[in-house]
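Before any comments, here is the structure.
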Amino acid sequence: MRYPHPIHLYVTCNAERLASSLDFSEVISLDSYIESVYNKLVEKDPEQKVFHQAALEVLETLEPAINKYPIYKEKAVLERITEPERVIMFRVPWVDKDGKIQVNRGFRVQFNSAIGPYKGGLRFHPTVNLGVLKFLGFEQIFKNSLTGLPMGGGKGGSDFDPKGKTDEEVRNFCYSFMLELYRHIGQFIDVPAGDIGVGGREIGYLYGAYRKATNNHGTCVLTGKGQGWGGSLIRPEATGYGCVYFVEEMLKTRKEDIKGKVACISGSGNVAQYTAEKLLDLGAKVIAMSDSSGWIHDPEGIDREKLAWIMELKNVRRGRIKEYVEQFKSATYSTSGSPWQLKCDLAFPSATQNEVDANEAKALVDNGVIAVGEGANMPTVPEGIEIFLEHNVLFGPAKAANAGGVSVSGLEMAQNSMRYFWTREEVDRRLNEIMVNIHKSAYETAEHFGKKGNYVFGANIAGFLKVANAMITQGFFA
Ligand code: NDP
């Protein structure tokens, strides 16, 4: 049977509009077992489009493994792995700066704990709903498996928007959010971290509330903690650095390296900032960054001084990227189009889901892009991925390319358990080693199944096999 394949139509850096413009105009073929699993997901929750998109992207690549090993079908692994073990949904009342009570919705999706405690970030953004968190939690299962560390998959968050809020409002919200969440998490149960809208400030407030509620440090109940109270060195840098390490490994397969390459990045948050920093370390030139309002193009390059200015703008002053052009006259700012229309060798979508559409993928290909590293989760629409693969672009899918963040979260858990800290160099070395192994595993798995060079395929199957085998070994109810 032919199947709907979601694409989005609107070319912009504002992914909220992109996510709501999913169209079902292109079709792909699916095996009948996989098709029935996918059908049931759509029937059960027809409104959860981004979750269907994420599930379909994984399911369609699992076909060779499912056909080769019938036990996965016999043991209903696909039906089980696409259903969260548990979903917690709660109200979050908090007091705003005018003394008024506001109410947001909080979630934690505990998706799969076959190989370890649930692990995955918290996202605070107005677009958050159950479908978005199921997509992110589902992706996290395979990503965490790929790291080689014992971590299951989960995700949580709220439709609260920290943008424009005072510190006091953010603190009030975080306290209230944790006053419910604390009873569902723990070092052997579920260990959340940050994501969009949840950085060092929010993790600090959440951890303070956890301690107050439980009178307990919990050994490691949250990752991304501050240095001096349990945080690991390199955790803030890890997702961006890891993404660049992954792209470096992909480039090596073509005897290329990062030095001298021109790079475009979307976003200007945590992942984008440290992707830029590592690219500069390795001798690349970064010419574009963005936020949800627009994007900047600096043909002279965003050097270390300019990047430090962006970090101060975003992390301390919490301003908008358009201010960059007032400070640095070499740059232009635009609210239409996106960085993907520029000529570059390397592209790092690092903002949010469905932010690179088919036209943008085509523009990148036409402009000679060599490699794409997905810093964000599911930033490229399926049709865009097909375009990259058809044109032999080295495409590092999010599950593999952005796994550095959760990897160092895993290392933070290990250090907390040992009550010991590794040096910056030690953590960075381990991060690099994990990214090299993820690359190797995705590359070799794709090759084994006759899809050499297709990292989407390799990452999905490699991540799946470990979790599926654990689920079968532990029995159907586990
Ligand atoms: P931040 O909140 O630090 O930064 C997000 C950036 O993306 C900001 O520049 C933001 O702009 C922009 N953005 C957010 N939403 C949208 C939108 N709807 N449309 C356009 N731009 C948007 O988040 P992170 O850097 O932590 O996360 C970025 C991506 O990386 C997410 O997909 C996240 O899931 C993924 N990721 C993050 C990890 C981590 O360790 N932090 C780990 C693995 C993946 P603005 O400031 O205007 O909101």
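What to note about this one:
- Of the residues making up the stretch 96-109, those that are surrounded by fewer than 20 Cβ atoms within 10 Å (Cβ to Cβ) and out of contact with any Ser or Thr (no Cβ under 9 Å at 6 or more places or on another chain) are 98, 99, 100, 101, 102, 103.
- Residue 178 vs. criteria in contact (Cβ under 8 Å) with a residue 12 or more places away in the chain and touching a strand residue (DSSP E or B) at 6+ places or on another chain (Cβ under 8 Å): no
- When restricted to residues that are touching a Gly at 6+ places or on another chain (Cβ under 8 Å), of a type in the set (Val, Ile, Thr) and either more than 16 Å from the ligand (Cβ to nearest atom) or free of Cβ contacts under 8 Å to residues at least 12 places away in the same chain (or both), the stretch 359-397 contains 0.
- Helices (runs of 4 or more DSSP H) enclosed by the stretch 252-337 - at least 2 residues per element that are modelled with pLDDT of 95 or more and small (Gly, Ala, Ser): 270-281
- Test result for residue 409, among the polar types (S, T, N, Q) and touching a strand residue (DSSP E or B) at 6+ places or on another chain (Cβ under 8 Å): yes
- Residue 132 meets the conditions (1) under 30 Å from residue 430 (Cα atoms); (2) buried (at least 24 other Cβ atoms within 10 Å of the Cβ); (3) not acidic (Asp, Glu) in every case but one. The failed one is (1).
- Just so you know, in the stretch 1-46 the residues that are at pLDDT below 50 and assigned to a helix (DSSP H, G or I) include one that is farthest from residue 335 (Cα to Cα), and it is 19.
- Residue check for residue 176: surrounded by 17 or more Cβ atoms within 10 Å (Cβ to Cβ) and either in contact with a His (Cβ under 9 Å, 6 or more places away or on another chain) or over 21 Å from residue 55 (Cα atoms) (or both): yes
- Residue pairs meeting the criteria (Cβ under 9 Å; at least 6 apart or on separate chains; first within 22 Å of residue 273 (Cβ to Cβ), in the stretch 211-239; second charged (D, E, K, R) and in a loop (DSSP other than H, G, I, E, B)): 231/225; 232/225; 235/225
- Residue in the stretch 178-201 that is farthest from the ligand (Cβ to nearest atom), counting only those that are under 22 Å from the mean Cα position of the chain (by Cα) and assigned to a helix (DSSP H, G or I): 181
- The stretch 359-411 - residue that is in a loop (DSSP other than H, G, I, E, B) and aliphatic (A, V, I, L, M) and, of those, surrounded by the most Cβ atoms within 10 Å (Cβ to Cβ): 403
- Tally, over the stretch 440-459, of residues that are out of contact with any Gly (no Cβ under 8 Å at 6 or more places or on another chain) and not in a loop (DSSP other than H, G, I, E, B): 6
- Top-ranked residue of the stretch 338-358 - restricted to ones that are away from the ligand (no atom under 13 Å from the Cβ) and not in a loop (DSSP other than H, G, I, E, B), ranked as nearest to residue 293 (Cα to Cα): 341
- For the stretch 207-216, the condition of being within 13 Å of the ligand (Cβ to nearest atom) and crowded, with 21+ Cβ neighbours inside 10 Å holds for none of the residues.
- Of the residues making up the stretch 64-107, those that are free of Cβ contacts under 8 Å to residues at least 60 places away in the same chain, closer than 20 Å to residue 140 by Cα and assigned to a helix (DSSP H, G or I) number 2.
- Checked against (1) more than 16 Å from the ligand (Cβ to nearest atom); (2) buried (at least 17 other Cβ atoms within 10 Å of the Cβ); (3) more than 20 Å from the chain's Cα centre (by Cα), residue 448 meets all criteria but (2).
- Conditions (1) assigned to a loop (DSSP other than H, G, I, E, B); (2) closer than 30 Å to residue 80 by Cα; (3) within 16 Å of the ligand (Cβ to nearest atom): number failed by residue 150: (3)
- One residue stands out among those in the stretch 63-107 that are at pLDDT 95 or above and of a type in the set (Gly, Ala, Ser): the one that is farthest from the chain's Cα centre (by Cα), which is 99.
- Only listed residue being under 25 Å from the mean Cα position of the chain (by Cα), assigned to a helix (DSSP H, G or I) and not charged (D, E, K, R), chosen from 231, 208, 204, 226: 204
- Candidates 163, 143, 49: the one that is among the basic types (Lys, Arg), modelled with pLDDT under 95 and within 16 Å of the ligand (Cβ to nearest atom) is 163.
The values are calculated or read from the model by the stated rules, or taken from the named source; none is laboratory data. Nothing here was measured: the structure is a model prediction, and the numbers come from that model. As a convention, Cβ positions derive from the backbone with ideal geometry for all residues, glycine included, and neighbour counts pool all protein chains shown.
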